[in-house]
Amino acid sequence: MNLAEIFVLAVASAVYPTLLAVVIVILNRPQPRRLLTFFLAGAALVSLAIGLTAVFVLDTSSVHRAARHVSGPIYIVAGTLALLVGGVLYRQPHRPDPEQKQDKGPSLSQRALSRDSSRIAFVLGIVLDLPSIFYLVGLKDIALAGYTAVQKVLLVVCFNAIMFSLIEVPLIALAVSPELTQRRIQNFDGWLRSHGRRLASSVALCLGVYLVGRGVLTVT
């Protein structure tokens with residue numbers, strides 16, 4: 001059950017609207033493969049550092065006992081936050097108003113990436129990769145499940161590999177078949193603009209219900 005829960009949390013962490021929006025911007029740049037590589041490097045560097053630090057800090061005896069004692073409330077709080085995020089995303093307009101979008105102009109990330117700078121892409125990966133609710137809960141599960149140090153490292157790495165799969169897949173596709181990938185980018189862009197928020201909302205709501213239920217069962 002623990003491994004299944006970690007896998008589900010990793011998949012849920014991959015549905016990160018801000019990260020996906022930046023990936024779409026990068027894929028529409030003249031040199032997407034280079035920018036995407038540096039963006040992934042920055043995001044993965046921070047995420048792995050946070051993850052490995054967290055699981056080994058939580059594994060210390062005093063913190064380990066305290067974390068186990070509040071495990072139920074942690075699930076409930078995380079689930080409640082996920083429900084709130086899912087509710088906010090669900091209530092937002094299904095499609096952006098074209099006139100309003102035109103008035104706002106390009107976003108900060110679009111303006112930054114317009115320079116096609118590998119350094120800026122790397123920094124954006126660091127800045128935008130804030131730990132999600134699902135990632136933090138997953139780290140708690142990894143830290144408190146009694147795995148060996150090597151197993152914990154492997155699980156954190158695997159969690160991140162799944163979490164960044166929507167960056168890794170287009171990066172691999174660009175390396176294998178750049179022309180075909182570029183043709184499909186526009187279709188994916190349109191689909192994401194139409195369904196991305198609802199997808200993220202559904203994932204957050206479903207995981208929120210699960211986490212709250214898991215927390216209630218743990219407390220009782």
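Confirm whether GLY125 is modelled with pLDDT of 85 or more, out of contact with any Asp or Glu (no Cβ under 8 Å at 6 or more places or on another chain), among the small types (Gly, Ala, Ser) and part of a helix (DSSP H, G or I). When the stated conditions are applied, GLY125 passes them. Of the residues in segment 35-57, not one is crowded, with 16+ Cβ neighbours inside 10 Å and at pLDDT below 85.
For ARG193, the conditions (1) at pLDDT 85 or above; (2) in contact with a Lys or Arg (Cβ under 8 Å, 6 or more places away or on another chain) are fulfilled apart from (1). Pairs are defined by a Cβ separation below 7 Å, a sequence spacing of at least 6 or placement on different chains, a first member in segment 50-62 that is under 19 Å from ILE133 (Cα atoms), and a second member that is among the polar types (S, T, N, Q) and at pLDDT 70 or above; the pairs so defined are GLY51/ASN160.
In this structure, does LEU174 turn out to be hydrophobic (A, V, I, L, M, F, W, C), at pLDDT below 85, crowded, with 17+ Cβ neighbours inside 10 Å and in a helix (DSSP H, G or I)? So LEU174 passes the test. Checking every residue in segment 80-92 against the condition of being within 25 Å of ARG197 (Cβ to Cβ), at pLDDT 85 or above and within 16 Å of the chain's Cα centre (by Cα) gives at least one match.
For VAL57, are the conditions met, namely being out of contact with any strand residue (DSSP E or B) (no Cβ under 7 Å at 6 or more places or on another chain), under 26 Å from TYR90 (Cα atoms), of a type in the set (A, V, I, L, M, F, W, C) and assigned to a helix (DSSP H, G or I)? The answer is no for VAL57.
The values are calculated or read from the model by the stated rules, or taken from the named source; none is laboratory data. All values derive from a computational prediction rather than experimental measurement. Note that we place each Cβ from the backbone using ideal geometry, even for glycine, and neighbour counts take in every protein chain shown.
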